[in-house]
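Readers should treat all values here as calculations from the given coordinates under stated rules, not as data from a laboratory. If you're wondering where the values come from, they're calculated on a predicted model, not measured in any experiment. In this analysis, Cβ positions are derived from the backbone assuming ideal geometry, glycine residues included, and neighbour counts consider all displayed protein chains.
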Amino acid sequence: MSVRTRARTFTVVAILAAGALGLIGSTQTWALAALADGDVDVPGATAVPVLQPLMLTALALGLVLTLVGRALRYVLGALAVAVAAAVAALTAPLIGRPPASAVAPAVTERTGLAGEEAIAEVVLSTASTAWPAVTLVCAVVIGFAGVAVLVTAHRWTRGGRRYDGAAAAATRASDAGPLDAIDSWDDLSRGDDPTR
């Protein structure tokens, strides 16, 4: 495996793996809000409503990176860094003791109370699970992979290049004039369809 292939494979797999783990994490419990009548579990998608769209964007970036040309690789690399920065900025405040605003939607759903002051009165304490930290690590991985794309994108080979040989052979064959039976057999031996 060449250095070019390894760089592309590493960055694409890193973005896909971190995006998938972040997407899974968004469905898990990120925070616990202690109320007088029990605890309220707060999933990641409730604490950070844009988390799932951002992680889906990261997954799409990873997939599209394998198909695009050089100019779009730079755009997608920069977009991966931006997605990572957004996820990190939204996730970091939830590590440790999440703010009341992060648990407010879940508390409102459970108690029917709305408003910052009303929620602050019924929430005795908040605590976070490990998922915000895991998602922050995923954001860092996506960010580093995005930087790696920006640094190495000029060395990547284009995705569909393996099919360029067949098109070039067909062009050469059409330029050479009509084919005879031997040329047709030779084309078939190479895997080209002489009838096209």
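Backbone geometry of the stretch 79-86 corresponds, through the Karplus equation with coefficients 6.51, -1.76 and 1.60 at θ = phi - 60°, to 3J(HN,Hα) couplings of 5, 5, 5, 5, 4, 4, 5, 5 Hz, x marking Gly and Pro. Backbone phi angles across the stretch 120-130, fed through the Karplus curve with coefficients 6.51, -1.76 and 1.60 (θ = phi - 60°), yield HN-Hα couplings of 4, 6, 8, 8, 6, 6, 10, 8, 9, 9, 7 Hz in residue order; Gly and Pro are listed as x.
Ordering 125, 105, 10 by Cα displacement along the dipole of the stretch 1-138 toward the positive end leaves 10 in first place; charges were set at the Cβ atoms of Lys, Arg (+1) and Asp, Glu (-1). A cut-off of 5 Å between modelled amide H atoms, ignoring neighbours fewer than 5 places along the same chain, links residue 30 with 42, 44.
Taking N as the residue count of the stretch 1-120, its C-alpha radius of gyration divided by 2.2 N^0.38 Å amounts to 1.35.
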